[in-house]
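Worksheet: one structure, shown below.
Here, each number is a calculation from the coordinates, and none is a lab measurement. The structure displayed is predicted, hence computed values, not measured ones. Every residue, glycine as well, gets a Cβ built from its backbone with ideal geometry; the counts of neighbours run over all protein chains shown.
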Amino acid sequence: MAGDIKSLKETSNYIVSTGKKRLEKSIFSLLLQGMLAGIFIGFGAIGYYKLASLSADPGLGAFLGSAIFPVGIIAILMLGGELFTSNTMMMMGVYNKEYRLRKVVKVLAIVLAANLLGMIVISSLSSLSGIFTQAMTAKIIHTAEVKTSLSVTNLIFSAILCNIIVCTGVWTAYTMKHAGVKILVLWFIITVFALSGTEHVVANAYYMFTAYMLGADITLSGIGYNLAFVTIGNLIGGAVVVTGINKLILMNKSSVAHTNSASAPRDKDAVYARTSNLSKDNVIVYKATDKKNKH
């Protein structure tokens, strides 16, 4: 089992290497992959509301919807989409001094814009396609109206918690070497995120854009208000909390290993000195015994 799981250092190095590859991509590639990621998250959101609205029991409906929501982020992981929230872990490369912060900020800005553009596409398709029942429409409108009325404090702290959960799921998936196990662990952790009801900038964009098109009592400025503060919180949760704490753990392990290796030569010198003294004692004893035998 241990051989199927990467070490913390190996996973960190993998995240840095994917970050380097991301920095080498063209703006056009980032835009296309970012749009796809937004559309994929929209798939999960559609499934969530479809199942949640079918159940007469709100608790059961929320659970069923949350259990299907992860299909979007799993598609991103398997098909190579670019998602803002998990891409915040690119900060590991900045902490390791492998690439510059300004380059990471540029990539994150492009990916976020592409994610939101993809959300506008999937929101338009789903709202104009006639797939929403009356119950689905009522539920998504209610969700959007609540999200646009939350306080700044609620939005930021909920968004921090959200991306701690999401990035933990993605980091755990990166740790696993087999695709089936990656999907399984990601499914469970992202289900927890969906159940938590915390603020995810890309998922929120789907809820609010779709509700706006369906006639919700919200404004574009209200949508922008939510997305701005949720972006800040998601960035803190992924780049600072999850990535930063793992960097500190790696630094501590490296420091302990360096201390142990530095003390190792002194231990060897002590052993050598004891062995050398023992050898001298043996020579003295041998000479004394030899002299006695001659007499």
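What does the net charge come to around ASN96 if you take all other residues with beta carbon closer than 13 Å to its beta carbon, with K and R at +1 and D and E at -1?
The answer is +4.
State to the nearest 20 debye the size of the charge dipole of region 35-143 about its Cα centre, where the only charges are +1 on K and R beta carbons and -1 on D and E beta carbons.
So the magnitude is around 420 debye.
Considering just Cα atoms, how many Å³ per residue does the convex hull of region 2-255 enclose? Display every interim value, and only then the final one.
Numbers: hull volume 31.2 nm³, N = 254.
It comes to 123 Å³ per residue, whole-number rounded.
Could you give the spread of the C-alpha atoms of region 17-154 along their three principal axes, from largest to smallest, in whole angstroms?
The Cα atoms of region 17-154 stretch 53, 34, 24 Å along the principal axes, largest first.
Along the charge dipole of region 2-255, Cβ charges K/R +1 and D/E -1, which of THR11, ILE120, ALA211 sits furthest on the positive end?
The residue sitting farthest along the positive end of the dipole is THR11.
Placing unit charges on C-beta atoms (Lys and Arg positive, Asp and Glu negative, everything else neutral), compute the dipole magnitude of the chain about its Cα centre in debye, rounded to 20.
1860 debye
With a ≥ b ≥ c taken as the square roots of the eigenvalues of the C-alpha gyration tensor of region 122-215, please select rounded if a/c is under 1.5 and otherwise prolate if a/b is larger than b/c or oblate if it is not?
Since a/c reaches 1.5 but b/c is at least a/b, the shape of region 122-215 is classed as oblate.
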